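Input: a single structure, listed below in structure tokens.
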Amino acid sequence: MVPDTEKKRIVIKIGSSSLTSLQGEISRRKLEKLVDEVVRLKDEGHEVLLVSSGAVAAGYRRLGCLSRPSSLPEKQAAASIGQGLLIESYSDLFISHGYVASQILITRSDFSDENRYNNARNTINVLLERGIIPIVNENDTITMDFLKFGDNDTLSAKVAGLVDADQLIILSDIEGLYDDNPSDNPDAELITQVQEITPEIEAVAGEPGSAVGTGGMRSKIDAFKIAMASGISSFLGKASNPDIVYKAAHNEAVGTYFSSDVESNNLDQKQQWIAFNSGPEGDVIVDASTVETVIEAKESLQPENVHSVKGDFDEGAVVRILDLEGEEVGLGVVNYSSETFKQIKESESKDLEQYQQAAVESDDLVCHLEISIPIGV
Ligand code: ADP
């Protein structure tokens, strides 16, 4: 890999295990190491956004807990104390190097609303362009467990897509992606380069819903899929390795690089929103020939090609596009409500002329076959 000397926009995600001591509290030393490395990149003129966990770790002692709490309300209460302390620590450290940090808390519903999603982009762009280091975290104090982004991994990839980052660096407690879980298999080998997330790569990360299905390597693979589909190259490496961030940004680090250059995957920002953030409100069902000639060919879907619809949705909603077997083949923004689709179905062919608009424009359509990421990850 060629060393990289370009000025870049870089999103760095660090997990709480890489920021805490053995007792589960925030480690000042680990925080300082990260900040020093970010400062090195800033001094070179790069734009850096941090996605940092650690609010629970920073707050549980002041809540009166002797160890990291396990119940959701206690974790959220600890995060409510810790988030401010965490940002204060980051802020103090960055200021001592002459840089300003800012805090952005996000919930998944912020991203499912297209206006709020676009607004987040505008805010973050202003911060990055003015040399500030935005520190993003999930709004842990209010987000319900089942609505979480998954230990910030997928949040970091979505944020990288949102701000059109050049690189996503995910720091963990492990050297990179191995061909088997290294905690079970001592002979597992590091994979240094991933061109495409194949079923084999998915398999080494463990099944979704398994013990490693929350956080762990599973959510990292989902994050890398999102980044790759968004045209962003990524890196996974060990947070404690010396100069890891600096070297990763210059393509010189030991770890796993995920390339972005699978041409078909370059979703534009609207398509990224549809694919990874929107949350579909209903289903549009099409037959096999429409799947082939329209969805896979990325043509606009016409109203007469819609076989049927399921659910109640308004014009402008995001829907899943299913084949007759119920298999998801795409996602798109509809130009008609579910009611209008039903009226179209009942209309005589001479009356169809009034429905001139496509059911889904090609620009508003994401063919699921090219990404195959479960929606809402
Ligand atoms: P973090 O807290 O840094 O986000 P996690 O603990 O969630 O990190 O995930 C990293 C862990 O995933 C590793 O320590 C390792 O035990 C586990 N893991 C499972 N499968 C693999 C694999 N194929 N390659 C590397 N790590 C794996």
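The values are calculated or read from the model by the stated rules, or taken from the named source; none is laboratory data. Just so it is clear, the model here is predicted, and its values are computed rather than measured. FYI the Cβ positions are ideal-geometry reconstructions off the backbone, even for glycines, and counts take in every protein chain you see. Just so you know, the surface numbers come from the protein's heavy atoms only, side chains and all, with ligands and any DNA or RNA stripped out. Shrake-Rupley method; radii C 1.70, N 1.55, O 1.52, S 1.80 Å.
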Exercise. Each residue of segment 323-330 in turn: what ³J(HN,Hα) in whole Hz from Karplus with 6.51, -1.76, 1.60 and θ = phi - 60°, glycine and Pro shown as x?
Worked result: 7, 5, 7, x, 7, 6, 10, x
Exercise. Each label point is 7 Å from the Cα along the Cα-to-Cβ direction; what then is the distance between the points at residue 357 and residue 63, in nm?
Worked result: 4.7 nm
Exercise. Got a sec to turn the phi values of segment 121-137 into Karplus ³J(HN,Hα) couplings, 6.51 cos²θ - 1.76 cosθ + 1.60 with θ = phi - 60°, whole Hz, x for Gly and Pro?
Worked result: 4, 4, 4, 5, 4, 4, 4, 5, 5, 8, x, 7, 9, x, 10, 9, 9
Exercise. Residue separation times 0.36 nm, minus the C-alpha to C-alpha distance between residue 200 and residue 308: what's the value?
Worked result: 35.3 nm
For this session: Hey, can you grab everything whose amide H is under 5 Å from the amide H of residue 322? Only 5+ residues off in sequence or another chain; H modelled, so Pro and N-termini drop out.
Result: 284, 285, 286, 329
For this session: Just check segment 47-152 against the gyration tensor rule for me: Cα atoms, a ≥ b ≥ c as the square roots of the eigenvalues, rounded for a/c under 1.5, and otherwise prolate or oblate depending on whether a/b exceeds b/c.
Result: oblate
For this session: Treating the angle as unsigned and between 0 and 90°, give the value, to the nearest 10°, between the Cα long axis of helix 153-162 and the longest Cα principal axis of the chain.
Result: 70 degrees
Seminar exercise, completed: In this structure, the FRET efficiency calculated for residue 21 and residue 346 from their beta-carbon separation, with R0 = 51 Å, to the nearest 0.05, is 0.15
Exercise. Between residue 336 and residues 5 or more places away or on another chain, which pairs have amide H atoms under 5 Å apart, with H built 1.01 Å from N, and which residues are they?
Worked result: 316
Seminar exercise, completed: Env charge @ residue 24, Cβ radius under 10 Å, K,R +1 / D,E -1, value +1
Exercise. Looking at segment 126-201, which GluC sites (Glu not before Pro) are DSSP coil and have at most 14 other C-beta atoms within 10 Å of their C-beta?
Worked result: 189, 196
Exercise. Of 159, 136, 360, which is the most mobile in a GNM of the chain whose springs link Cα atoms less than 10 angstrom apart?
Worked result: 360
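Greater than 18 Å separation of Cα atoms is the criterion. Which listed pairs, 158/220; 8/270; 33/238, meet it?
From 158/220; 8/270; 33/238, over 18 Å: 8/270.
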Exercise. Over the Cα atoms of the chain, Rg to Rh with Kirkwood Rh, two decimal places?
Worked result: 1.01
Exercise. Roughly what angle does helix 216-229 make with the longest principal axis of the chain, taking Cα atoms, 0 to 90 degrees, to the nearest 10?
Worked result: 60 degrees
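Once every DSSP H run of n ≥ 4 in the chain is given -39500 (n - 2.57) and the sum is divided by its residues, what mean residue ellipticity at 222 nm do you get, rounded to the nearest 500 deg cm²/dmol?
-9500 deg cm²/dmol, from helical runs alone.
Roll a 1.4 angstrom probe over the protein heavy atoms and tell me the percent of accessible area of segment 4-266 that is carbon or sulfur.
On segment 4-266, the fraction of accessible area on carbon and sulfur atoms equals 48 percent.
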Exercise. For residue 320, what is the net charge nearby, where nearby means another residue's Cβ is under 12 Å from its Cβ and Lys, Arg count +1, Asp, Glu -1?
Worked result: -4
Exercise. Taking the Cα centre of the chain as origin and charging only Cβ (+1 Lys, Arg; -1 Asp, Glu), how large is the dipole, in debye to the nearest 20?
Worked result: 2120 debye
Exercise. Could you give the angle, 0 to 90 degrees to the nearest 10, between helix 72-96's Cα long axis and the longest principal axis of the Cα atoms of the chain?
Worked result: 60 degrees
Problem set entry | Beta bridges by DSSP in the chain, antiparallel share as percent, to the nearest 5 | 35 percent
Problem set entry | Charge dipole (the chain, unit charges on Cβ, about Cα centre) - positive-most of 294, 237, 278 | 237
